[in-house]
Each structure stands twice: as structure tokens, then as C-alpha cells.
Amino acid sequence: MTGGLTTTLPLPVTGGVDTHLDVHVAAALDGHGALLGVESFDTTPDGHRRSLGWLRGFGAVEVVAVEGTGSYGARLSPSCRPLPTTCVPSHAT
């Protein structure tokens, strides 16, 4: 008999987005903080949709931290609203 646990539940995912004038860089982390992936997206409405779809591809997105919500990330934050996701501003230090 082999041990192990198999689940069909989606993995919890945390996203982080570093925003710039021409490109947003998104990172996906698992529930333990391990990096799942990093990808760049255009700063267009289509790029916003693609970035959130990319994050969802890793599992159930619980929170997305967006850097620069007062400037370059201002248009990305509202894109999170249709998701069952919390979108929070991230303040660079």
C-alpha cells in the first residue's frame, strides 16, 4: 500500500505585480510562499486580463498585491474586481 494524499482542490495562490509604464511583471506564489512563476504583461486592458488569467492558471487566487496603485498600477487594480480575489496596494520600501 502506498501513502499519500491526492486532492482536487485548487491550490491557494498569491500574486504580486510590479508595475511600470510599458510592462507589468507578475509573480505567483503558492500557499507556502514558494515561487510558482514570473511573467511580463503589457499595460493594456488585454494585458491586465492576460495577467490575471495567468495567475488563475496556478490555482485559486486569494490575493493580488499591486505596486504603484496611485500611478502605473492604477488601471490594473480595478481589473481584479470581477474575481473572488482581494486586490491590495503594495508599497515599495
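The values are calculated or read from the model by the stated rules, or taken from the named source; none is laboratory data. Given the structure is predicted, the values throughout are model-derived calculations rather than measurements. Backbone-built Cβ (ideal geometry, glycine too); neighbour counts: all protein chains shown.
Observations on the structure shown:
- Here is the figure for the stretch 21-37: residues that are touching a residue at least 40 places away in the same chain (Cβ under 8 Å), surrounded by 10 or more Cβ atoms within 10 Å (Cβ to Cβ) and not in a strand (DSSP E or B) total 0.
Here is a yes/no grid of residues against (1) modelled with pLDDT of 90 or more; (2) touching a strand residue (DSSP E or B) at 6+ places or on another chain (Cβ under 9 Å); (3) of a type in the set (D, E, K, R):
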| residue | (1), (2), (3) |
| --- | --- |
| P12 | yes, yes, no |
| D42 | yes, yes, yes |
| E67 | no, yes, yes |
| S77 | no, yes, no |
| P84 | no, yes, no |
| P89 | no, yes, no |
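- Cβ-Cβ contacts under 7 Å between residues 6 or more apart (or on different chains), taken from a first residue in the stretch 42-58 that is on the phi < 0 side of the Ramachandran plot to a second residue that is aromatic (F, W, Y) and at pLDDT 95 or above, are listed as G47/F41; R50/F41; S51/F41.
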